[in-house]
1. Scan (1) more than 29 Å from residue 33 (Cβ to Cβ); (2) touching a helix residue (DSSP H, G or I) at 6+ places or on another chain (Cβ under 6 Å); (3) buried (at least 18 other Cβ atoms within 10 Å of the Cβ) for the single condition residue 178 breaks and write down its number.
2. Of everything in the range 140-159, what is within 20 Å of residue 193 (Cα to Cα) and aliphatic (A, V, I, L, M)? Give them in sequence order.
3. Of all residues in the range 106-144 being part of a strand (DSSP E or B) and of a type in the set (A, V, I, L, M, F, W, C), which is farthest from residue 55 (Cα to Cα)?
4. What residue, of 204, 103, 131, is of a type outside the set (Lys, Arg), crowded, with 17+ Cβ neighbours inside 10 Å and out of contact with any Lys or Arg (no Cβ under 7 Å at 6 or more places or on another chain)?
5. Inspect the range 112-125 for any residue being of a type in the set (Phe, Trp, Tyr) and within 20 Å of residue 61 (Cβ to Cβ) and give the result as yes or no.
6. Give the range 146-175 a look and list any residue that's surrounded by 14 or more Cβ atoms within 10 Å (Cβ to Cβ) and among the basic types (Lys, Arg), or say none.
7. Of everything in the range 221-265, what is under 17 Å from residue 60 (Cα atoms) and without any contact (Cβ under 8 Å) to a residue 24 or more places away in the chain? Give them in sequence order.
Amino acid sequence: MENIETRDIDRIIKVMDYGVTYPILIVANNDKQYILKTRQVLDGTSVCAKNLFIEIFSYLYLDLLRVVNIPKICLLNITDETLLMVNKFQNGSEREQQAYHNIHNSKGLNLGIEFIPNTSKFKNKNDKAFIKNTINYDARLMNTDRDEKNPNILVDCKNKKWLIDFGLAFDCMELLDNLHSPNKLKLNMPNELYYSKCCFSDYIFDDYRKTTAILNKKVQKQEIQNIMSLIPSEWYPIDTEELGMLCEIISQRQSHKEILYASGL
C-alpha cells in the first residue's frame, strides 16, 4: 500500500455545526474540500488522537476491501500559516473558539476526510445489499456508532450512500484500552473474547443481522500491519506486541460468524 497523501491547508471555510470534536471545512492545496479532524481537543487530552487512530485505520482497512462507499482521506498539515488562518475564530461563537484552540493544540499532521456536498441523512432501508455489507464492515471493525438518530451514513444527490465516522470503532475504543492494560496478555489466549465478540448494541440495522452472512473478502495480516505503519506514530503510540495482538484480532474477526449473530455486547 502506498503512503497516505499529505496536503497543506490553503483556506479555512467554516467550523461545521455538528460533532463533539468540532470538525472544520477546509480547502487543501489540491483545491479539494476536506473535513479537518484535529488530534487534540480544547482540554489537551489524547482522546481525539486515539479516535483518529481508529478512524484512519478503519478507512484504510475498508479501502483494502475495495469498499466504494467511503470518502477518500488524506493527512492535513497544520502549520504556522494555518494558525494565522484561524485567528478569525478566536472571538467567534463557542464552536469557533473551540475549533481555534483545537487547531493550536494540533500542529502537524491531522486527518482530512473528503467533503461530500449536497448530502442528506440516510433513512431508506430498502437497499438490502448495502445494509448487509455495512453490517459486515462494522462487525469486523467493532463499530456500532450507527443508530436511528445518527446513522453516520450520508446520501448524496446521486443517491449514493457514504459510510462515515468510524472513530468509535474497536468496541468504542475499549479494545485499545485493553491492549494497554496490565492484563493485555489474556487477549492472545485461544478463543479470546475479541476474536468473536459481538459489539452490536442499539444498532440501526439490528433487524438484518440474523440474515447476514460473512463476506468472503479478507485482508491478510501483513496488509493489516502495513496499514498500521502508515498512521503517524505520534497520534497514538502502540508498541510492537500490542500491534501484533491488534492485527491478530482484526484478522481473526474476518472469519467468525459470531461477530454478526451474537446478541448484545
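Since every read-out is calculated from the coordinates, none of them should be taken as a lab result. Just so it is clear, the structure is predicted and the values come from calculations on it, not from any experiment. Heads up, the Cβs are rebuilt from the backbone with ideal geometry, glycines too, and the neighbour counts pull from every protein chain shown.
1. Unmet for residue 178, out of (1) more than 29 Å from residue 33 (Cβ to Cβ); (2) touching a helix residue (DSSP H, G or I) at 6+ places or on another chain (Cβ under 6 Å); (3) buried (at least 18 other Cβ atoms within 10 Å of the Cβ): (2).
2. The answer is 141, 142.
3. Here the answer is 109.
4. 103
5. Checked the range 112-125: no residue is of a type in the set (Phe, Trp, Tyr) and within 20 Å of residue 61 (Cβ to Cβ).
6. Hits for the range 146-175 are 146, 161.
7. Answer for the range 221-265, where residues must be under 17 Å from residue 60 (Cα atoms) and without any contact (Cβ under 8 Å) to a residue 24 or more places away in the chain: 222, 225, 229, 233, 243.
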